[in-house]
Every structure is written in C-alpha cells, then in structure tokens.
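Have a look at the structure below before the remarks.
The values are calculated or read from the model by the stated rules, or taken from the named source; none is laboratory data. Treat the numbers as computed from the prediction; the structure is a model and nothing was measured. Cβ placement follows ideal geometry from the backbone for every residue including glycine, while neighbour counts extend to all protein chains displayed.
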Amino acid sequence: MATSTLSITSARKERMERFVRKFRNNTKAMIGLTIVVLLVLVAIFAPVIAPYEIDTTSVEDRSEAPSVAHPFGTDDLGRDIFSRVVMGSRISLYVGFGAISAALLVGTVIGVVSGYYGGMVDELLMRLMDAAMSFPPILLALTLMVVLGPDLNNVILALAFVYTPYIARVGRSATLSETNEAYVESAIARGESSGRIIFSEVLPNTTAPLLVQGSLNIAFAMLAEASLSFLGLGAQPPTPSWGLMIDTGRGFMQSAPWMIIFPGLAIAITVIGFNMLGDGLRDILDPKVDAIE
Amino acid sequence: MSTTTPTHDDPSSSSPLLEVRNLRTQFHTESGTVVAANDVSFSLDAGETMGLVGESGAGKSVTARSLLQLIDPPGEIAGGEVIFEGENLLDYSEKQIQRVRGNKIALVPQDPMSSLNPVLTVGEQIIETITHHQGMERDEARAQAIDAMTDVGIPDAAERIDDYPHEFSGGMRQRVLIAIGLSCQPDLIIADEPTTALDVTTQAKILDLLNELQEEKGMGILMITHNLGVVAQTCDTVGVMYAGNLVETAEMHELFRHPQHPYTRGLIDSIPQIDTAYDELPTLDGAMPDLTDLPQGCNFAPRCEYATDACRTGGDPALEPAGPGSSRAACIRTDEIDLRQGYVPDDVERTEKQVDRSGDPLFEVKNLKKYFSAGDGVIGNLSLSRNGGGIPKLERRYVKAVDGISFDIYEGETVGLVGESGCGKSTVARTALKLLEPTDGEVYFDGQPMHEMGDSEVRSLRREMQMVFQDPHSSLNPRKTVGQIVGRAMEKHDIATGEEKRQRVRELLERVGLSASAAGKYPHEFSGGQQQRIAIAHALAVEPKLIVCDEPVSALDVSVQAQILNLLNEIQAEFGLSYLFISHNIGVVRHICDRLAVMYLGKIVEFGSIEQVFDTPFHPYTESLLSAVPHADPTRKSERIFLEGSVPSPLDPPSGCPFQTRCPKKIGEECETVVPDLEEKEAGTGHYLSCHLSIEEMSEHAGFVQSEQAEQSEAQHGD
C-alpha cells in the first residue's frame, strides 16, 4: 500500500523521534543496545579482529597464560582463545537470531490466529503449546537434538521449536486485547476477509510485546546453544562455539582456567546485553506507561 | 419527589465553607508545561451546591482533585490557596490532608463499576472509612454504615451490607459510593461526574437523592459535570470552565437566563432539547484549543462569533463582574453583547423530510432473535433445574439479548433505536448486519434475504451497508494513516484505486469537514470529534445505501455532538442514505430520526414516527424515559416518573410483559401473565405499542400514582 507515502513521513518521523527519545532516557535499554551493537560489530568484523586462524594448532604454545601475543591465552592445542571467542560470537548470534526469527515467524502466526478465532481453534492450538511448554526447555531441546543429530542448524531448529510456544502465548494475549477494539469490527463490516484482518489490521498492533519477548528469548536461545554445545549435542569441534570451548576447557580448569573464563564471560555479557535490551524495550513499549502513541 | 433548590443563606454573614483563590495546577509534559487549572477562584457555602461545568479537558476534574492534593506527578499544584474551615489545605502535609480526605471532604468518583474494590464487601469498604477516620469500634461503625446505606436509599441495608459490589446494579453501586462519601458526615462532597456512567432513569434518581441528602444534612456539594441538564437540576451556583480557566461564575438561574460569556451561551444552545424540533442544531464551531498551544488572546476567541481583534490579541481576559447580578465573566465584550436570547429554532420553516414509504423497504428485519449462551465454553451454559419438583433436569440457559424484533427502514429514512444500557440495541445492529450470527429471524436488504446468504455473499453486500461506532478512537486502526483507512474501503470494493482513490479520499475528507492533508496523519493526531468524522468518511467511502450508527455521539462533548449530528443530516440529504441510529439519549434521536423504536429488555415496546413517540399515547416506559431527561432549563420543572428497582436480568426475564416489574401503570394480573403484542393501536397510523393499557390510559399524562389499586379499579384493556 503506497498510499501517500510522502505525507506519512511526518507522522511516522514524529513517532520514531518520540521512541528514540524514550529509548535514550532509558539507561537499561541503552546499555543493552550498546552491548548488542558491539557484539554484532565484532561478529561482522570477526576475521579482521581475530589475530590468528582459529584452527591453527601449535604444540609449543599450548595452554599458555594470557599475554600480549595471546590476550586470552591459548588452549590445550595451542589455539588462540581470543580469536576463537571473537569468531564464536558469529555462532552465538547465528543461532540466537536464527532460532528466534523462526520462532517469531511460527509463534506469531499461531498466537494471532488462535487469539483472533478463539473457540475450538484457540483451545486446540493453545493446548498443543501448553504441552510443548510443559517440558523444561533444555530437556526438550536435548531430546530434539538426540533425534535430529548434533549439527548447528539442527540446534536452530530445536530451539525454534522450544521457544515458539512462548512467542505464541504473547502473540495470543496481544491479539485478544486488540480484537476487542472496534477497528476489527469495522473491518468486518467493511467486508474484509479474516486473513486480511488478522495480518493487515491486527498484527501490526501486536508488534511491541512480540519484539520484547523476542529480544528476551534471544538471550535464552544463546544460553541454550551454549548448554547444548557444552553437552556435546550442539556445535561439533573444531567449531569455536563458546559452550563447546567451556566443555573442552573443563578438563584444564586447574591448570588453564582462562580456557573457560573468557568464553564464559562472553556468554554472560551477551546474555546480559540482550536481557537489558529486552527489559528496556518492555519499559518503553508498555502501554500502561504511556505507549508510543 | 421533585427537585427543589435549598434556600440561600446569606453568604455575606459568615465566611464560606470553601474558598479557592488563584489555584494553579500544571503538568510537565514532553511538549512543555501545561496549565490545567489557571488561577481558578471560587467559593462555596455550606448547604450550597456549586456546579463546575465544561467540556472534556476543560480542567474541572483537575481543579476538584487539586483541592485534596490528589495530583500525581508529573502534575503539581503551582500556587494558590484552598481555604477550608479557615485553613489552607495546600499547606497541609500528606499526613494532615489524609485526615481531611474522606472525613471532612469526601470525593464521589465517576465510575461506579471500577471505583469499588471487587474483593471486599461493600460494608467492609464503608466501615473501613469510618474506623479509619473516626476511631470507632467496628460494631458501632457497622451500625453507622447501615445508616449511611439506608440514607442513600439502598433497600434492606442491614442485609445487603455483606454483599459484594458485583451483586449490585450500577445505580446501586453509585449509591454505595455516595454512602462511603457520607459515612463520616463530611462538610463538603466533591461529586465528580456522579451520574455520567448511569442510564437516564437511574441518573434522575441519583440526582434527586443528592438533593435530598443535602437538604437533610446541609453539606456543601461541588458537582463536576459536563451536562448542563444536571446543573439545572441540582446546582445553586455554577462555574463554567474552558481550557483551564473559569470563564464565568453565576447564580444558576442567572446563568441560564442571562449568560455573560459567549461560551456559556454556546454550551446551552448546543444541547438538543427533547421538546423542540430543529432544522439544524446550533453548534459551537471547532474544538477546545490544545493546552500546549493556546491562542494569543482570549482562549475562546477562535470559536467565538463575537470576537474582535482586541479579543484575539489582548491576552486572556480575567474573570470580572459582569451584568447586573452577581455574575462574573472572563470576556472583554461582555458589556456590549447581549446573550439573553438563545438560539431560536426555525420551527415553522422546518422542511419536512419526505420519505416515500409506498414501495418495498430498503432494509427489513422480521422477528429477529439473538440468544447468547450463558456462561463460558461448551458446557458452561448447562444448569440443573427442578422446576415444579421431580427429577432435576439439565437445562441450557440463554441470555435473550434480542427477542423477536421487527422493523423496517425505507430509502432516505432514519430509524432510531433507543433504550437503556443492556436492552439489546447494539446487539440488534450487529445481528442485523450479520456481524453476529442471528439465532432466528429474517433480514432482507433490498429484497435480498441476508439470513440465507453465505459468508462471501454477505461480504460483497457489505459495500451497501456500513457502520459508525461509538468510540472513534477504538474504531480506527492506530497503525494506519487516515488515507489508508478510508482508501482501503474503496480498494476493497473496487471503487477506485491509485491516484483516483487518493483524489476521492481527499474529497471525502473535505466533505466531512477535515482538510485533505489529514490523509497523511494517524488517527491519534485528531480530537474525538475529528476522529468520528474520519469514521464517517470511512463509512461513506464505499457509497453505501445504509449506515448503522451505534451511539455515534455519546463519547463526544456536547458542542461536538451537535456538529456530528448536523453532518449526518447533511450527508443524508446529499447522498440519499438511510440510517439506523442507535442511542441511549432520547434527546439526540429526536433531531435525526424519522421513526423511532423504543427497546426494553430485548423487545420493542413502542415504534412509530417521532411525533407519535414523543406525544401521547405513550408506552409507560417511553414516558418515564422522556421524563427522566434532565432539561437544560431550570425554569422547566417536568414531573419525573421514577422507576422502581432496576432492569431485570435478561437471563431470567419476568413473566408476561417484560416491563411489568417496574411499570408505574401496571394494571394487574394480565400484565404478569400475558405477553403483550406489538400492535397498531389505531389501524393505519403506523404507531405500534406493546402494552395492555388502552389508548386513553396511555394518553393520561398527569397523576402518576405509584400504587396499583387506583388503576386496577378501572381496569379495561386495549387488547
């Protein structure tokens, strides 16, 4: 719909400006955003930043403590941990964004359809989601990984499955409250089809809570990826996944603690970053604390 | 029980109960500081009722709340004095003011539905107030609570004190709130729109109650309202607020007889009177200015027909004595202009709208029914019943929201549907348009049987009939621009696309009184009245033959209400549309409808032309509705008919005539057992009534006796 694209800009710009202003005033969101942006930059420029090849082993340099040459030290095979942590950010982000994008895609559709139609459709879909949610997320992911086989893309698939119900729940409740608005009835009275009402009228109004839930779930998904890799069901060696690195370093905890400290820190900072961003977005977008309107 | 005005004590003899001096309350917002109450000064004596009127956003509630320091950040009370019993309340600490709130000054809030705590019994909530402020023992407090409930007219107070709020009707809950307010015998009651959320018949009773209580207890009442009819019925003095300023204060009769400020005149004029016919309602053009962007001169100048250059540039005028009486007005021209004469409706010249009813109706509804299952889910509406003894049976329970309704609408005609909340009028609209699936009945549009159509057929027929909703804010998608909203309807039904569509959207927006540039804006950038104009443009976009208006003006301010009603009338004349106009306000329908149906408990009780419905013979329910509307004219004292009790639950409707439990003209057993038919009492008139009374009895206007015996003796039935 290209209806008067030019004249929209003023209103849309004003809305954006307001959002940006609120965002700036929210310390949590700003810290979170800074971390996330830095992380994305690191991931994009990883090959440039990393001083060594990630799989060049060196028997002389193995298990070296952090030094100028190897800021995070080296592992048991003499690989540079700094380079591996930097390259590992790509894996984390790939899995986090991949899994949650897929979950958002499927979960939103399920949630919105369920909330809009109500009745039996709602009952059926939501009981399915409840069933999926009744397993602890990590246990479910583990089971799925056993079935699918250890592979990074399968991790995305499994985590997408695990987090879909959470997204669907949020999508459903947002839809329920929107469906009570008269503009939905007005669209029915105009003769619109249900599909059009769901996706063109209701969906754009449910984005705020979904965005919040999505950014919070990215953090969980990244954590889950690390856990799965740690348990040997995620990324396989020599892939520089943070979880996998911790798993390898576990045996050298006494002699070379840097092998687990730095990947661990990377995981912690990333998860904190996304969590703070999600929390901040929730504060900003919460309709009770005056929405963007 | 009629409205009485307490006699005035000489105000000069003692200091007033409450004196507000230069009160200033402001809010800090992102777009700057907004002054919501600007140097407001007034005083109120014991035993006096002062009204504070104005449209939404005028600052009346903020003023009232400031008196009790009930202003939350980002708001602040920036200056002034509130002298109550010789002390300035604004100097009080939070602890001190808490001793005043609810104890010396009570606040009766607007919404009885959300102002009571649902998990506490009403008694608990009254007792809490008493023990907190008066340090009384619980037993004693309980007795006092029962007294307070009795005072406000709650029957069987001693038994009902342990009930929860949801067990009371809206009017009864408002009485409970008043009882809480009264429980500590305050000197001043601030009533913030106490009847706005209530039906007219209930409103009449609550206002009467407040008047009575005041006479008895002699407290002062500060009545905040947007309704001048309420003012005329209850107040002794009035303050009119506009854009944060008090623009006129006057003794009540003086205000109506000789308003000193043009805004007051406009407000009085724009209320549709139920007993006058207008060709076009008088309006106040425009809307209240944005408080962040006030005009240079007088705040009212942009809307004022008397404004001169001096008004527009000279700054906002102060409130000064005006006229011969005690009135004060904030207008620099008040001495030059004479506002005694109100708008004169051109009664004689009224061009009678010609509706051709010879052919087939455009829209016809026959015996429409809509039952909702009571309770949730598939088995939620099952219940065990043992009617007449024997084995308990499983029964399905239904709420009969609409129970056999028939009416028709001809081309170019407006048919109104009035009734109190819960009578099923909105359900009729939705079921007739097939937004809800009807349980039973037939609906014909242009001769086509809609009740037999499938979804896709109905969808293409939607082009012919549109709907305008009550709350324009909710009926426009906040994520779409006005251009997208209006244009979408055209696209949907292949009326226009591309540049042609955009052109037509601009034309339509101009037709409904907006600028063409509105197309690029989002709905929230408009005021309520403007949003309703957009909603009307949206309905018109598909060039329909019928528009269903569901309470289109009830969420709007009076001055805007008149503008929208006039717009609807103009559009009808221009496009030859038909309207189904739903409203709870019988005053509004008079000016837009050709024929009117009065609904009660899912049934039509009276149907006929406007003249027929508004004149004898009346259905007893219509008569009480008409009598309950507060007149914005204090010299008129219509005698009110107070209905007993509240509307029965549609889950368990009364036997016989649905109105028999409350009917003041009930004639006896027949009413309780036989359901009256809706029939033409005089053949050929097109005036349908559903009542056992004869025409003569229904035409009796005076001498309402609440007892049945008087009527019973002459029991003779029309059918």
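Here is how the numbers come out for the structure above:
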{"quantity": "Criterion (in contact with a Ser or Thr (Cβ under 6 Å, 6 or more places away or on another chain) and of a type in the set (A, V, I, L, M, F, W, C)) met by exactly one of B:629, B:605", "calculated": "B:605"}
{"quantity": "Pick from the stretch B:505-524, criterion touching a Gly at 6+ places or on another chain (Cβ under 8 Å) and under 15 Å from residue B:489 (Cβ atoms), ranking: modelled with the lowest pLDDT", "calculated": "B:519"}
{"quantity": "Residue among B:73, B:6, B:11, B:112 that is part of a loop (DSSP other than H, G, I, E, B), modelled with pLDDT under 80 and closer than 28 Å to residue B:131 by Cβ", "calculated": "B:112"}
{"quantity": "Residue in the stretch B:91-98 that is among the aromatic types (Phe, Trp, Tyr) and outside the structural domain of residue B:206 (by TED's automatic domain parsing) present", "calculated": "no"}
{"quantity": "Meets criteria (closer than 30 Å to residue A:178 by Cα and surrounded by 19 or more Cβ atoms within 10 Å (Cβ to Cβ)) for residue A:88", "calculated": "no"}
{"quantity": "Residue within the stretch B:99-109 that is loosely packed, with under 15 Cβ neighbours inside 10 Å, without any contact (Cβ under 8 Å) to a residue 60 or more places away in the chain and not in a helix (DSSP H, G or I) present", "calculated": "no"}
{"quantity": "Selection from the stretch B:156-196 of residues that are among the hydroxyl-bearing types (Ser, Thr, Tyr) and under 30 Å from residue B:67 (Cβ atoms)", "calculated": "B:183, B:195, B:196"}
{"quantity": "Among (1) touching a Gly at 6+ places or on another chain (Cβ under 9 Å); (2) over 14 Å from residue B:106 (Cα atoms); (3) crowded, with 22+ Cβ neighbours inside 10 Å - the single one residue B:189 does not satisfy", "calculated": "(2)"}
{"quantity": "Selection from the stretch B:465-492 of residues that are at the interface with chain A (Cβ under 8 Å from one of its Cβ atoms) and acidic (Asp, Glu)", "calculated": "B:471"}
{"quantity": "Any hit, the stretch A:142-157, residues being in contact (Cβ under 8 Å) with a residue 60 or more places away in the chain and among the small types (Gly, Ala, Ser)", "calculated": "no"}
{"quantity": "The listed residue being surrounded by fewer than 19 Cβ atoms within 10 Å (Cβ to Cβ) and within 27 Å of residue B:196 (Cα to Cα), out of B:118, B:112", "calculated": "B:118"}
{"quantity": "Any hit, the stretch B:565-583, residues being modelled with pLDDT under 90, within 14 Å of chain A (Cβ to nearest Cβ) and on the phi > 0 side of the Ramachandran plot", "calculated": "no"}
{"quantity": "Meets criteria (buried (at least 20 other Cβ atoms within 10 Å of the Cβ) and in the same structural domain as residue B:588 (by TED's automatic domain parsing)) for residue B:526", "calculated": "yes"}
{"quantity": "Residue within the stretch B:450-464 that is free of Cβ contacts under 8 Å to residues at least 40 places away in the same chain, over 27 Å from residue B:553 (Cβ atoms) and facing chain A (nearest Cβ under 7 Å) present", "calculated": "yes"}
{"quantity": "Residue selected from the stretch B:519-535 under the condition in contact with a Lys or Arg (Cβ under 9 Å, 6 or more places away or on another chain) and assigned to a helix (DSSP H, G or I), by the criterion farthest from the other protein chains (Cβ to nearest Cβ)", "calculated": "B:523"}
{"quantity": "Any hit, the stretch B:430-442, residues being surrounded by fewer than 21 Cβ atoms within 10 Å (Cβ to Cβ), more than 9 Å from chain A (Cβ to nearest Cβ), touching a residue at least 24 places away in the same chain (Cβ under 8 Å) and hydrophobic (A, V, I, L, M, F, W, C)", "calculated": "yes"}
{"quantity": "Filter result for residue B:43 (assigned to a strand (DSSP E or B), of a type in the set (S, T, N, Q) and either in contact with a strand residue (DSSP E or B) (Cβ under 9 Å, 6 or more places away or on another chain) or modelled with pLDDT under 85 (or both))", "calculated": "yes"}
{"quantity": "Condition broken by residue B:502, with the remaining ones in (1) at the interface with chain A (Cβ under 8 Å from one of its Cβ atoms); (2) in a helix (DSSP H, G or I); (3) under 21 Å from residue B:460 (Cβ atoms) satisfied", "calculated": "(3)"}
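Okay, residues lined up against (1) of a type in the set (Gly, Ala, Ser); (2) assigned to a helix (DSSP H, G or I); (3) under 28 Å from residue A:79 (Cα atoms):
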{"residue": "A:126", "(1), (2), (3)": "no, yes, no"}
{"residue": "A:140", "(1), (2), (3)": "no, yes, no"}
{"residue": "A:168", "(1), (2), (3)": "yes, yes, no"}
{"residue": "A:173", "(1), (2), (3)": "yes, yes, no"}
{"residue": "A:189", "(1), (2), (3)": "yes, yes, no"}
{"residue": "A:204", "(1), (2), (3)": "no, yes, no"}
{"residue": "A:217", "(1), (2), (3)": "no, yes, no"}
{"residue": "A:229", "(1), (2), (3)": "yes, yes, yes"}
{"residue": "A:239", "(1), (2), (3)": "no, no, yes"}
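For (1) within 14 Å of chain B (Cβ to nearest Cβ); (2) in contact with a Ser or Thr (Cβ under 7 Å, 6 or more places away or on another chain); (3) at pLDDT 90 or above, each residue gets a yes or a no:
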{"residue": "A:180", "(1), (2), (3)": "yes, no, no"}
{"residue": "A:189", "(1), (2), (3)": "yes, no, no"}
{"residue": "A:193", "(1), (2), (3)": "yes, no, no"}
{"residue": "A:198", "(1), (2), (3)": "yes, no, yes"}
{"residue": "A:204", "(1), (2), (3)": "yes, no, no"}
{"residue": "A:207", "(1), (2), (3)": "yes, no, no"}
{"residue": "A:212", "(1), (2), (3)": "no, no, no"}
{"residue": "A:233", "(1), (2), (3)": "no, no, no"}
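For every residue, the table says whether it meets (1) in contact (Cβ under 8 Å) with a residue 24 or more places away in the chain; (2) buried (at least 24 other Cβ atoms within 10 Å of the Cβ); (3) of a type in the set (Val, Ile, Thr); (4) farther than 26 Å from residue B:283 by Cα.
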{"position": "B:478", "(1), (2), (3), (4)": "yes, no, no, yes"}
{"position": "B:493", "(1), (2), (3), (4)": "yes, no, no, yes"}
{"position": "B:501", "(1), (2), (3), (4)": "no, no, no, yes"}
{"position": "B:509", "(1), (2), (3), (4)": "yes, no, no, no"}
{"position": "B:517", "(1), (2), (3), (4)": "no, no, no, no"}
{"position": "B:522", "(1), (2), (3), (4)": "yes, no, no, yes"}
{"position": "B:542", "(1), (2), (3), (4)": "yes, no, yes, yes"}
{"position": "B:560", "(1), (2), (3), (4)": "yes, yes, yes, no"}
